[in-house]
Amino acid sequence: MPLASHKFTLSCALLLAVCIPDVAGAEVIARKTISYFDIKGSTADELDAALNQRGPLAIGSSSHHPGATKIRFGGNATYSEANGRCRISSVKVTVDTEIILPRWRDRRHASKQLSMIWDTLAADIRRHEDRHVEIARQHARQMEKQILALPSAGNCDTLQERANAVTSRETERHDADQARFDRIEALNFTSRMQRLLYYRSRQGNSQ
């Protein structure tokens with residue numbers, strides 16, 4: 001789940017152009033880091049309790065989660081002015097994500113069956129958080145496209161207000177998509193884990 005989503009802010013670097021402006025350019029910069037929190041336990045119940053006690057907290061919630069993704073949008077736009085019109089010359093959108101995952105410290109003392117259960121769960125947590133990262137990157141690309149497509153304005157202050165409005169709308173869409181993804185994943189969790197454990201156990205038996 002996303003731990004935090006910070007509003008995108010555009011900074012205005014104004015260029016007074018005396019000639020026809022260059023073709024507008026755009027860039028999305030995506031950065032991802034991974035951090036871990038340690039848990040201990042030698043039974044499924046102990047691991048479950050450890051995740052509930054040590055997992056990251058969601059913003060505005062007292063519930064701990066087995067994994068989380070911090071998301072921060074940022075960026076800037078450059079504006080050029082010529083012939084009484086202001087245009088966007090370039091856009092750079094950044095999206096920084098930090099995936100927070102559990103790390104099991106007592107694996108060497110656990111049974112083969114518990115290890116299989118953990119591997120299945122850990123892989124599903126990683127897949128889930130990676131999807132949050134991809135959703136954020138998709139919306140960063142949408143921000144960039146929509147800002148770049150803005151028509152010229154009579155002055156750069158007006159154009160910057162329009163760009164900021166685009167980022168606000170897209171950030172709201174991003175938050176809604178992330179929440180929708182979490183709801184769907186929660187509804188399907190039990191059936192998904194049962195299916196994954198079945199396939200993993202069959203693979204183990206065939207080796």
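The values are calculated or read from the model by the stated rules, or taken from the named source; none is laboratory data. If you're wondering where the values come from, they're calculated on a predicted model, not measured in any experiment. Because the Cβ atoms are built from the backbone with ideal geometry, glycine has one as well, and the counts that use them run over all protein chains shown. Accessible surface areas use protein heavy atoms only, side chains included; no ligands, DNA or RNA. Shrake-Rupley method; radii C 1.70, N 1.55, O 1.52, S 1.80 Å.
Filtering the range 27-40 to residues that are closer than 27 Å to E134 by Cβ and of a type outside the set (G, A, S) leaves E27, V28, I29, R31, K32, T33, I34, Y36, F37, D38, I39.
Tell me which residues, restricted to the range 41-82, are farther than 26 Å from V133 by Cβ, free of Cβ contacts under 8 Å to residues at least 12 places away in the same chain and open to solvent by less than 60 Å² (accessible area, probe 1.4 Å). Break it down into steps so the answer makes sense when it comes.
Going residue by residue through the range 41-82, those that are farther than 26 Å from V133 by Cβ are 41-46, 49, 78-82.
Imposing the further condition that a residue be free of Cβ contacts under 8 Å to residues at least 12 places away in the same chain reduces the set to 45-46, 49.
Once the filter is applied, which keeps residues that are farther than 26 Å from V133 by Cβ, free of Cβ contacts under 8 Å to residues at least 12 places away in the same chain and open to solvent by less than 60 Å² (accessible area, probe 1.4 Å), the range 41-82 yields only A49.
Kindly indicate whether M116 is in a helix (DSSP H, G or I), of a type in the set (A, V, I, L, M) and within 18 Å of Y79 (Cβ to Cβ). So M116 fails the test. Inspect all residues belonging to the range 41-61 and state whether any of them is in a strand (DSSP E or B) and at pLDDT 90 or above. Taking every residue of the range 41-61 in turn, none turns out to be in a strand (DSSP E or B) and at pLDDT 90 or above. Taking E170, is it open to solvent by less than 30 Å² (accessible area, probe 1.4 Å) and among the charged types (D, E, K, R)? Criteria met by E170.
Condition test on R103, is it more than 29 Å from the chain's Cα centre (by Cα) and of a type in the set (K, R)? For R103, the condition - more than 29 Å from the chain's Cα centre (by Cα) and of a type in the set (K, R) - is not met. For beta carbons closer than 9 Å, sequence separation of 6+ or different chains, a first residue in the range 185-204 that is open to solvent by 90 Å² or more (accessible area, probe 1.4 Å) and a second that is aliphatic (A, V, I, L, M) and in a helix (DSSP H, G or I), there are no qualifying pairs. Among residues of the range 83-124 being of a type in the set (G, A, S) and either in contact with a Leu (Cβ under 8 Å, 6 or more places away or on another chain) or farther than 16 Å from D48 by Cβ (or both), the one that is surrounded by the fewest Cβ atoms within 10 Å (Cβ to Cβ) is G84. The number of residues in the range 134-162 that are touching a helix residue (DSSP H, G or I) at 6+ places or on another chain (Cβ under 6 Å) and either without any contact (Cβ under 8 Å) to a residue 60 or more places away in the chain or in a helix (DSSP H, G or I) (or both) comes to 6. Could you check the range 70-98 and list, in sequence order, the residues that are farther than 12 Å from A153 by Cβ and hydrophobic (A, V, I, L, M, F, W, C)? I71, F73, A77, A82, V91, V93, V95, listed by residue number. Of the conditions (1) farther than 16 Å from I39 by Cβ; (2) of a type in the set (A, V, I, L, M); (3) open to solvent by less than 40 Å² (accessible area, probe 1.4 Å), L148 satisfies every one except a single condition; which number is it? Evaluating L148 over (1) farther than 16 Å from I39 by Cβ; (2) of a type in the set (A, V, I, L, M); (3) open to solvent by less than 40 Å² (accessible area, probe 1.4 Å) leaves (3) as the failure.
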